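> My structure is below; once you've seen it, I'll send some questions.
The values are calculated or read from the model by the stated rules, or taken from the named source; none is laboratory data. Quick caveat: nothing in here was measured; it's all calculated off a predicted structure. Cβ: placed from backbone, ideal geometry, glycine included. Neighbour counts: every protein chain shown. SASA here: full protein model, heavy atoms, side chains in, ligands and nucleic acids out. Shrake-Rupley method; radii C 1.70, N 1.55, O 1.52, S 1.80 Å.
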Amino acid sequence: MSTSRVSKKEQRRQSLAREKRKKRLILAIPILLVVAFFAAAIYRLTRPDLEGVISFNNLLRNHDQEAEFVESGLPPTAGSHNPRWQNCGIYSEPVDNSLAVHSLEHGAVWMAYRPDLSEEKVDELQNLVRGESHLLLSPFPGLQSEAVVSSWGKQLVIDSVPDERIEEFIGQYKGAGPEPGAPCTNGVGQPENW
């Protein structure tokens, strides 16, 4: 009879030990998630730029229906812009700079390419965009290089497509605008092959 009591006591002790481990695990998971979130945020803020990335600081982000950009031969990366945004996706015609900049503010990456770029190279760029959110692809008249990849306040000139830095740029800067998570749909424009 004492054997069954010891056995029941042992079962109770094991049951209590399991419950204690379960409670610790339930408490540990949210703590680990919070730590991982902050670690990722710190990494994102402190990691170095990719080679060749130009950073722009002290950027305006006013909404102005009549905002225009000075022609510089490169797509703008920030500044006063239209209160509406360009729908992300693939375009075969140039898009309005002021609308595209608003998409950058929402965390989009804009890949602009020289209008006379070969069909094969345009296809390569389209394959990077197709089916992805917050990516915008369009020709950009006056571009000297084959392509330029831009996000809010960041830009990378691509002399020759393909270039592995394009995907690295997307991975590092997509979602990095001042309004991350804001939509890149329900704006202006109808993307092709989306």
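> May I ask you to list pairs of residues, at least six apart or on different chains, whose Cβ atoms are under 8 Å apart, with the first in the stretch 113-126 being closer than 21 Å to ALA100 by Cβ and the second being assigned to a loop (DSSP other than H, G, I, E, B) and open to solvent by 60 Å² or more (accessible area, probe 1.4 Å)?
Short answer, once both residue conditions are applied: ARG114/GLN144; PRO115/PRO94; PRO115/PRO141; LYS121/PRO162; GLU124/PRO162; GLN126/ASN193.
> Something else about it: Got a sec? Which of LEU137, LEU99 is surrounded by 23 or more Cβ atoms within 10 Å (Cβ to Cβ) and not β-branched (Val, Ile, Thr)?
One residue alone meets the criteria, LEU137.
> Shifting gears a bit: Just the residues that are in contact with a Lys or Arg (Cβ under 9 Å, 6 or more places away or on another chain) and crowded, with 23+ Cβ neighbours inside 10 Å, please, taken from the stretch 141-154.
If the condition is that a residue be in contact with a Lys or Arg (Cβ under 9 Å, 6 or more places away or on another chain) and crowded, with 23+ Cβ neighbours inside 10 Å, then ALA147, VAL149, SER151, TRP152 are the ones that fit.
> Related question: Would you confirm whether any residue within the stretch 46-61 is modelled with pLDDT under 80, surrounded by 10 or more Cβ atoms within 10 Å (Cβ to Cβ) and outside any loop (DSSP other than H, G, I, E, B)?
No, the stretch 46-61 contains no residue that is modelled with pLDDT under 80, surrounded by 10 or more Cβ atoms within 10 Å (Cβ to Cβ) and outside any loop (DSSP other than H, G, I, E, B).
> Another question about this same structure. Looking at ALA67 and the list (1) within 27 Å of GLU167 (Cβ to Cβ); (2) in contact with a His (Cβ under 9 Å, 6 or more places away or on another chain); (3) at pLDDT below 80, which single condition is not satisfied?
Only one criterion is unmet by ALA67, namely (1).
> Where the second residue is in a loop (DSSP other than H, G, I, E, B) and open to solvent by less than 70 Å² (accessible area, probe 1.4 Å) and the first is free of Cβ contacts under 8 Å to residues at least 60 places away in the same chain and over 14 Å from LEU104 (Cβ atoms) and lies in the stretch 160-188, which pairs have Cβ atoms under 8 Å and are six or more apart or on separate chains?
That search, which allows pairs on different chains as well, returns SER160/GLU146; VAL161/LEU117; VAL161/GLU146.
> VAL161 is checked against (1) in contact with a strand residue (DSSP E or B) (Cβ under 6 Å, 6 or more places away or on another chain); (2) open to solvent by 50 Å² or more (accessible area, probe 1.4 Å) and fails just one. What number does that condition carry?
If we test VAL161 against (1) in contact with a strand residue (DSSP E or B) (Cβ under 6 Å, 6 or more places away or on another chain); (2) open to solvent by 50 Å² or more (accessible area, probe 1.4 Å), just (2) comes out false.
> Restricting to the stretch 82-103, what's the tally of residues that are outside any loop (DSSP other than H, G, I, E, B) and among the polar types (S, T, N, Q)?
Filtering the stretch 82-103 for residues outside any loop (DSSP other than H, G, I, E, B) gives 86, 89-90, 97-103.
Subset that is among the polar types (S, T, N, Q): 86, 97-98, 103.
The number of residues fulfilling the criteria is 4.
> Kindly establish whether GLY181 is within 18 Å of the chain's Cα centre (by Cα) and not basic (Lys, Arg).
For GLY181, the condition - within 18 Å of the chain's Cα centre (by Cα) and not basic (Lys, Arg) - is met.
> Take LYS154 and tell me if it is over 13 Å from LEU74 (Cα atoms) and among the basic types (Lys, Arg).
No.
> Still on this structure, please answer the following. Go through (1) farther than 19 Å from ALA182 by Cα; (2) touching a helix residue (DSSP H, G or I) at 6+ places or on another chain (Cβ under 9 Å); (3) without any contact (Cβ under 8 Å) to a residue 60 or more places away in the chain; (4) of a type outside the set (Val, Ile, Thr) for PRO83 and report which single condition fails.
Condition (1) is where PRO83 drops out.
> So, in the stretch 102-134, exactly how many residues are among the small types (Gly, Ala, Ser) and buried (at least 24 other Cβ atoms within 10 Å of the Cβ)?
Summing the residues that are among the small types (Gly, Ala, Ser) and buried (at least 24 other Cβ atoms within 10 Å of the Cβ) in the stretch 102-134 gives 3.
> Given (1) in contact with a Leu (Cβ under 7 Å, 6 or more places away or on another chain); (2) in a loop (DSSP other than H, G, I, E, B); (3) farther than 26 Å from PRO83 by Cβ, where does GLY177 come up short, assuming only one miss?
(3)
> I'd like to know if the stretch 120-131 contains one or more residues that are farther than 17 Å from ASP163 by Cα and part of a loop (DSSP other than H, G, I, E, B).
yes
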